[in-house]
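Worksheet for the structure shown next.
The values are calculated or read from the model by the stated rules, or taken from the named source; none is laboratory data. Small disclaimer: the values here were computed from a predicted structure and weren't measured. Please note: Cβ atoms are built from the backbone with ideal geometry, for glycine as well, and neighbour counts cover all protein chains shown. Side chains are part of the model used for accessible areas, which takes the heavy atoms of the whole protein and leaves out ligands, DNA and RNA. Shrake-Rupley method; radii C 1.70, N 1.55, O 1.52, S 1.80 Å.
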Amino acid sequence: MRFAVDPWDPSYGTSLGTELGESAAQVALDVELPASQWRPIDPDPAVAPPEAVLFVDGVRRVDAQVWVEDGGAEATPALCASYAAGVVCCCRERGAHLVTADVRRGLFTTAESAEDVRTTAGTYRATRTAAHPDVAPAQLLSLAVQRELADAELAAAAAARGGHGSADDLLVVDGPLRGRQHLPRVIGFVKTHRSDYLPPQLGGVVAALGTGQRTPVFRLGSSWERHTWYLRLPCRPGAPWAGIVRVECSADLAPAEAVAHAARSQVTLPRFASTEYKDSRAPQNLYPIAGLERELRRRLGEPNLLYRALRRAAAA
């Protein structure tokens, strides 16, 4: 019996869902090539990598689940969470270096009477979110944390571009580009795949990609629109989708500009791909992003210390 093992650490789920959900997105396949001419596209030797690459990412952690007394008979559930966003720059002159890091803490709740929680380890800013009858409270609060983290990532990206950007840089957002597609020279880097966007006859093009090759650019339209393409990072041969990532850029770009972004991603992203012996999420977890995540988690603070500080503040 022959089989292949996906190098992605199974404790993180899988890089490719065992059953890709059918996507309701509208797909336009002929942005770069007609569907009948789809094939793996090699890197263009005439395309040079950017002088600087800015990687944006964020981390989040729930420090404590709490209950907020809201004047009623029952207390309201809430989360005390810490989150951080930052940017690391990789450039020829200075190598890899941290450009900005912003750590925030919040009390996330639906309680109208919620106030900031001040502790010896920092202040958790009261962040109220509206209750929804069709959404479980835990999911509602988790989504609220994610929204605030996305805002922090956007602010970090803008700050990095303000002082360190250049006309020949590339901004790489870890995850979908939604809400950040207006930034100049930006691409979204999607490591995991949950939806099947391509028709069956073209799915084989993805599996046939060699290292550094990509699919033609196509367009996705759902609640938001973007140009996108699949790219294979360097990895050991094996599973058909091993090392496959999906890259996005703004739908506002002309097709030729989107294709130029795709070509530049081919000569940029593979250089930062991780290896199995160093990262259990190789090769998709790019080295700069992995390093940025470690630094941001360190800056979140010691979880036991924050938990004890919250307990003391609650008892005061």
Self-check item: Approximate spin-label separation ARG118-GLU302, in nm, with each point projected 7 Å along Cα-to-Cβ
Solution: 2.4
Practice problem: Could you compute the FRET efficiency for ARG178 and ARG271, with r as their C-beta to C-beta distance and R0 at 22 Å, rounded to 0.05? | Solution: 0.25
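Calculate, for region 190-248, the solvent-accessible area per residue in square angstrom, rolling a 1.4 angstrom probe over the heavy atoms of the protein chains. Walk me through the numbers before you get to the answer.
Details: 2060 Å² over 59 residues.
Here the residues of region 190-248 average 35 Å² of exposed surface.
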Quiz item: Hey, in the GNM for the chain with a 10 angstrom Cα cutoff, which one of LEU29, LEU233, LEU171 fluctuates hardest?
Solution: LEU29
Self-check item: Hydrodynamic radius by Kirkwood, which averages 1/r over all alpha carbon pairs of region 45-97, in angstrom
Solution: 15.1
Exercise. Would you kindly compute the Cα radius of gyration of the chain and its largest Cα-Cα separation (Dmax), both in Å?
Key: 21.4, 69
Self-check item: Of TRP229, TRP241, TRP67, the one that fluctuates the most in a GNM where the chain has Cα springs shorter than 10 Å
Solution: TRP67
Self-check item: Sites ARG61 and HIS132 - FRET efficiency at Förster radius 35 Å, r taken between beta-carbons, to 0.05
Solution: 0.90
Quiz item: Cβ under 9 Å from LEU220's Cβ, LEU220 left aside: what net charge do those residues give with Lys, Arg +1 and Asp, Glu -1?
Solution: 0
Quiz item: Mind listing P(r) for region 151-293? All alpha-carbon pairs, 10 Å bins, whole percents.
Solution: 11, 42, 37, 10, 0
Exercise. Could you check the simple spin-label distance between ALA28 and LYS278, using points 7 Å along Cα→Cβ, in nm with one decimal?
Key: 4.0
Quiz prompt | GNM result for the chain, Cα springs below 10 Å: residue of VAL88, VAL135, VAL99 fluctuating most strongly | solution = VAL135
Practice problem: Describe numerically, in nm with one decimal, the distance between label points set 7 Å from Cα along Cα→Cβ at ARG312 and at ARG94. | Solution: 3.7
Quiz prompt | Residue-by-residue Karplus 3J(HN,Hα) for region 187-197, coefficients 6.51, -1.76, 1.60, Hz, glycine and proline x | solution = 10, x, 10, 9, 8, 10, 10, 10, 10, 9, 8
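Set the Förster radius R0 to 45 Å, insert the Cβ-Cβ distance between ALA35 and ARG147 as r into 1/(1 + (r/R0)^6), and round the FRET efficiency to 0.05.
The pair ALA35/ARG147 has a calculated efficiency of 0.80.
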Exercise. Give me the angle, in degrees from 0 to 90, between the Cα long axis of helix 255-268 and the longest principal axis of the Cα atoms of the chain, rounded to the nearest 10.
Key: 80
Self-check item: Helix 287-300 axis, angle to the chain major axis (alpha carbon atoms, nearest 10°)
Solution: 0
Quiz item: Which shape class, rounded, prolate or oblate, goes with region 120-188 when its Cα gyration tensor gives a ≥ b ≥ c as root eigenvalues, a/c under 1.5 marks rounded, and past that a/b bigger than b/c marks prolate?
Solution: oblate
Quiz item: If you put +1 on each Lys and Arg Cβ and -1 on each Asp and Glu Cβ, how big is the dipole of region 230-314 around its Cα centre, in Debye rounded to 20?
Solution: 540
Self-check item: Given charges at Cβ of Lys, Arg, Asp, Glu: region 200-316 dipole, positive-most of ALA260, SER250, LEU310
Solution: LEU310
Exercise. Would you calculate, for the chain, the mean residue ellipticity at 222 nm contributed by helices, counting each DSSP H stretch of 4 or more residues as -39,500 (n - 2.57) and dividing by all residues, to the nearest 500?
Key: -8000 deg cm²/dmol
Self-check item: Carbon + sulfur, % of accessible area of the chain - ligands and nucleic acids excluded, 1.4 Å
Solution: 51
Quiz item: Going toward the positive end of the dipole of the chain, with +1 on Lys and Arg Cβ and -1 on Asp and Glu Cβ, which of PRO184, GLN26, GLY301 do you reach last?
Solution: GLY301
